[in-house]
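The values are calculated or read from the model by the stated rules, or taken from the named source; none is laboratory data. These numbers come from a predicted model, not from an experiment. Glycine also receives a Cβ, built like all others from the backbone with ideal geometry; neighbour counts cover every protein chain displayed. Quick note on the areas: whole protein, heavy atoms, side chains included, nothing else; ligands and nucleic acids left out. Shrake-Rupley method; radii C 1.70, N 1.55, O 1.52, S 1.80 Å.
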Amino acid sequence: MNTPLFTIARTPVTATTLLVVVLILVGTALVSRLAQRGARRAFALRGVMDEGTIAIATRLLHYAVVVLGLGIGLQTIGLDLGALFAASAFLAVALGFAMQSVAQNFIAGVILLTERTIKPGDVLEVEGRLVRVSRMGLRATVARTRDEEDIIIPNSTLVQNTVINYTLRDPIYRLRTTVGVSYDSDLNVVKRALLDAATKVEGRLQSHEPRVLLTEFGDSAVTFEVSVWTHDAWIARITRSVLNESIWWALKDAQIRIPYPQRDLHLVSAPANLRIEAEITAEPTSES
């Protein structure tokens, strides 16, 4: 068993050495399988049921265990990994520059997977667009817009830019609308009408009371802000439309006028001498 069979980098390889390497590889496969089972149980205890996220995590864990086991096996058989890495350093640098964007998105995907700040099903605002996350991959995240369009978002965009997650801690969302009323309106009547309109909105969160605020004294109207809470930011446009319609009819019933921009033009008579001078200037010249 200890008779040298061949030599690698001045290291004699025996049957015992090969047997140890085989045992290391078999042990690596077993450790990888146990680690993946443990990861799945850990995700289940945390309440993570998304199969895509679990598959990515277990695959990364498998790769890490396999690389570690192969490294130990190669060192055992006599291969110098340090020299191998040094020889391939130039190739690694070239590949790094060529695949810089891919590597950046890959690392960003690992960060998103680890932090769990974005998950499938979350409603996000990315670059001014509201989307719902459908699937998360190592390179990109697939999301769907309210127009039923699928968009592919690089993971680096989600990590490096400011992203609003409306469902990170809870799905509660506050929506606002503004309305202007005439300066002749009774302030108390206006506030009661607006509050009553907001209270009647279907789909609002009953545990959070609506709010009416006087925000601005405009040129032709007094501006109020009306806000309600909802449990779904995805349908915020529909809820805001319902709120605006409720406000419209509430103000109509209370006979409160919603003004529109107006401009008053005052005509002032010109002095007599200016009118005479203007008439003389306007007379056509006679032809010679």
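On the basis of the beta-carbon distance and an R0 of 41 Å, residue 23 and residue 157 show a calculated FRET efficiency of 0.35.
The three principal axes of the C-alpha atoms in region 122-179 carry coordinate ranges of 44, 24, 19 Å, sorted with the longest axis first. Applying a DSSP loop filter and a limit of 13 other Cβ atoms within 10 Å to the trypsin sites (Lys or Arg not before Pro) in region 117-191 leaves 169. Which of the lysines could a cross-linker bridge to residue 191, judged by Cα under 16 Å and excluding same-chain residues fewer than eight apart? In chain and number order, the partners are 200, 252. Using a probe of 1.4 Å on the protein chains alone, the accessible area found for residue 147 is around 110 Å². Only Cα sites of region 179-233 enter the Debye sum here, all with the same form factor; the resulting log10 I(q)/I(0) across q = 0.21 1/Å is -0.76, listed in q order.
Once all protein chains are placed together, residue 186 keeps about 80 Å² accessible to a 1.4 angstrom probe. Multiplying the residue separation of residue 14 and residue 174 by 0.36 nm and subtracting their alpha-carbon distance yields 50.4 nm. Computed from label points 7 Å out along Cα-Cβ, the spacing between residue 223 and residue 182 is 2.1 nm. Near residue 244, once Lys and Arg are set to +1 and Asp and Glu to -1 for all other residues with Cβ below 14 Å from its Cβ, the sum equals +3. Accessible surface of residue 248, taken over heavy atoms with a 1.4 Å probe and every protein chain present, rounds to 120 Å². Taking the Cβ-Cβ separation of residue 3 and residue 100 as r and a Förster radius of 45 Å, what is the calculated FRET efficiency to the nearest 0.05? The calculated FRET efficiency here is 0.35. Note on residue 74 and residue 237: the extension gain reaches 52.6 nm, defined as 0.36 nm multiplied by sequence separation minus the Cα-Cα distance.
For region 121-228, the convex hull drawn through the C-alpha positions has a volume of 142 cubic angstrom per residue. Amide hydrogen proximity for residue 140: with H placed 1.01 Å from N in the peptide plane, the residues at 5 or more positions away or on another chain lying under 5 Å are 155. Ligands, DNA and RNA left out, the 1.4 Å accessible surface of region 159-223 is 46% carbon and sulfur atoms.
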